[in-house]
Amino acid sequence: MNFSGLNTFNCATEIFFGCKSIQKIPDIISREHFKRVMIVCDEGIENAQILDRILEQVQKSGVECIVFSNIEANPSVTTVDAGMQVCTEFNPDVLIGLGGGSPIDVAKAIGVIATNGGSITDYEGIDKFENQSLPLLAIPTTAGTASEVTIFTVITDTQTEYKLTVGGRKLAARWAIVDPELTLTLPPKLTAATGLDALVHAIESYTSKMSYALTEALALESIRSISSSLRQAVYAGDNIQARVAMMYGSLVAGLAFNNTRLGNVHAMSHPLSAKYHVPHGIANSILLPYVMEFNLPACPEKFADIAKAMGENISTSQTLMENAYKAVNAVKQLSKDLKIPANFSDYNIDRRNIALMAKDAMKSGNILVNPRKTNIEDIKLLFEKTVGQSEPSFKNLESVQ
Ligand SMILES: NC(=O)c1ccc[n+]([C@@H]2O[C@H](COP(=O)([O-])OP(=O)(O)OC[C@H]3O[C@@H](n4cnc5c(N)ncnc54)[C@H](O)[C@@H]3O)[C@@H](O)[C@H]2O)c1
Ligand SMILES: [Fe+2]
């Protein structure tokens, strides 16, 4: 465990965690004397009737309310601009970001532009804007990104096919209502992808060069909680205990990585999502075992800890490397059980784009905190390994005949 140096732990958000915590919404609105509420969500949240449940709570306060729900996965700058137009016309005093990472990130981006002007593309990096953003209440509906407690918003510039990260304490949600019951409607495939994203957060935070005792404790707690509940959440989606454990695991991973940043998986997944629209959780879960194999020699002790947290038997009769490798195998088995593809062959990734994707990945601050020193050639090689068949495979040829 790392106790060296002076460690600072940041969390800018007041968190309400638990089933039925959405009932806190009217308290927050009246406590803060808010009068005009803008809810930012997406079509999936409307269809799952989650929006209705939130509106019911908001209307208890008798406030004016508007809904902006035209948001895609991996949301774009254009979507943020459209939301900003609604915000300018309605002039809310509080934003509610409701959904997975995509709507919460759009709400964060709108909040930044509302008080700082310009475009979200002006503020890439950390603390690149001056003013505190509009007050934001974040209500997650996936156990995945933990955007409800992080200081980041991730938006895609479709013109340059680039996913930019804007960060700073001043854009974090002021309140997070984390109600696991809201994830009961999340279908199995999305539960698997978003849940594995949360596991990647915990693993990358645990192995990050910036980790220290407090973040490491949270990351291991998250790995334990997610590993012991994700299969049940996917295959028995109405199991509320599994949903609670997943939401808890996602939240504590967020608290950890908010203070440590992430690693090569997230650096590499952003260009894949920007250029090939690979959903964030799927991109991360496919990349994870490859990046773990690359990182393992740099911190085998940490990998053995991860294996243990995932329920693997760590034997004193085996070498450190053997025990460490159990973490990679446990992740591979979990992905297999959840039917996550072993590579990106379904996404027809053009190998000629690897150099460009590697260049974009190297721009990410996550590369700098990855436990093994990484250069652009390493990233190219990792992409090469993960893209899968670019030529028709034997299996495909068989099916043609
Ligand atoms: N801000 C951060 O700190 C941070 C961290 C990691 C990832 N991200 C970003 O978050 C985005 C991904 O977010 P995500 O993985 O949560 O997915 P998402 O928000 O894109 O949602 C995926 C789909 O799930 C549906 N959905 C969500 N909750 C549901 C529910 N309870 N019931 C039924 N359907 C539901 C949505 O309607 C949508 O169709 C990416 O853009 C990623 O880059 C942000
Ligand atoms: Fe993520």
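The values are calculated or read from the model by the stated rules, or taken from the named source; none is laboratory data. What you see is a predicted model, and the numbers here were worked out from it, not measured in a lab. Glycine also receives a Cβ, built like all others from the backbone with ideal geometry; neighbour counts cover every protein chain displayed.
Taking the criterion of being within 16 Å of ligand 1 (Cβ to nearest atom), part of a loop (DSSP other than H, G, I, E, B), surrounded by fewer than 18 Cβ atoms within 10 Å (Cβ to Cβ) and among the charged types (D, E, K, R), the only residue of segment 37-89 that qualifies is Glu72. Restricting attention to segment 115-134 and to residues that are more than 16 Å from ligand 1 (Cβ to nearest atom) and crowded, with 18+ Cβ neighbours inside 10 Å, the residue that is nearest to Ile39 (Cα to Cα) turns out to be Leu134. Determine if segment 1-23 includes at least one residue that is surrounded by 16 or more Cβ atoms within 10 Å (Cβ to Cβ), over 25 Å from the mean Cα position of the chain (by Cα) and free of Cβ contacts under 8 Å to residues at least 60 places away in the same chain. The answer is no, given that none of the residues of segment 1-23 is surrounded by 16 or more Cβ atoms within 10 Å (Cβ to Cβ), over 25 Å from the mean Cα position of the chain (by Cα) and free of Cβ contacts under 8 Å to residues at least 60 places away in the same chain. When Ala213, Ala245 are screened for being farther than 25 Å from Asn74 by Cα, over 15 Å from the mean Cα position of the chain (by Cα) and free of Cβ contacts under 8 Å to residues at least 24 places away in the same chain, only Ala245 passes. Close contacts from segment 376-390, counting a first residue that is among the charged types (D, E, K, R) and a second that is in a helix (DSSP H, G or I) and at pLDDT below 95, with Cβ to Cβ under 9 Å and a gap of 6+ residues or different chains, come to Glu384/Arg351. Taking the criterion of being basic (Lys, Arg) and in a loop (DSSP other than H, G, I, E, B), the residues of segment 1-36 that qualify are Lys20, Lys35. Taking segment 268-279 as the range and being part of a helix (DSSP H, G or I) and near ligand 1 (Cβ under 10 Å from one of its atoms) as the test, the residues that pass are Ser269, His270, Ser273, Ala274. Restricting Ser61, Ser4, Ser30 to residues that are small (Gly, Ala, Ser) and either within 16 Å of ligand 2 (Cβ to nearest atom) or not assigned by TED's automatic domain parsing to the domain that holds Thr141 (or both) narrows the list to Ser4.
Tell me, yes or no, whether segment 259-267 has at least one residue that is under 17 Å from the mean Cα position of the chain (by Cα), under 25 Å from Phe9 (Cβ atoms) and more than 14 Å from ligand 1 (Cβ to nearest atom). Taking every residue of segment 259-267 in turn, at least one turns out to be under 17 Å from the mean Cα position of the chain (by Cα), under 25 Å from Phe9 (Cβ atoms) and more than 14 Å from ligand 1 (Cβ to nearest atom).
Just name the residue that is nearest to ligand 2 (Cβ to nearest atom) out of those in segment 188-241 that are part of a loop (DSSP other than H, G, I, E, B) and crowded, with 21+ Cβ neighbours inside 10 Å. Out of the qualifying residues, it is Ser208. For segment 297-316, a residue qualifies if it is in a helix (DSSP H, G or I), closer than 23 Å to Gly249 by Cα and among the hydrophobic types (A, V, I, L, M, F, W, C), and the qualifying residues are Phe303, Ala304, Ile306, Ala307, Ala309. Quick one: is Ile282 of a type outside the set (Gly, Ala, Ser), within 16 Å of ligand 1 (Cβ to nearest atom) and assigned to a loop (DSSP other than H, G, I, E, B)? So Ile282 does not fit the description; no. Within segment 268-293, being among the hydrophobic types (A, V, I, L, M, F, W, C) and over 13 Å from the mean Cα position of the chain (by Cα) holds for Met268, Leu272, Ala274, Val278, Ile286, Leu287, Leu288, Val291, Met292.
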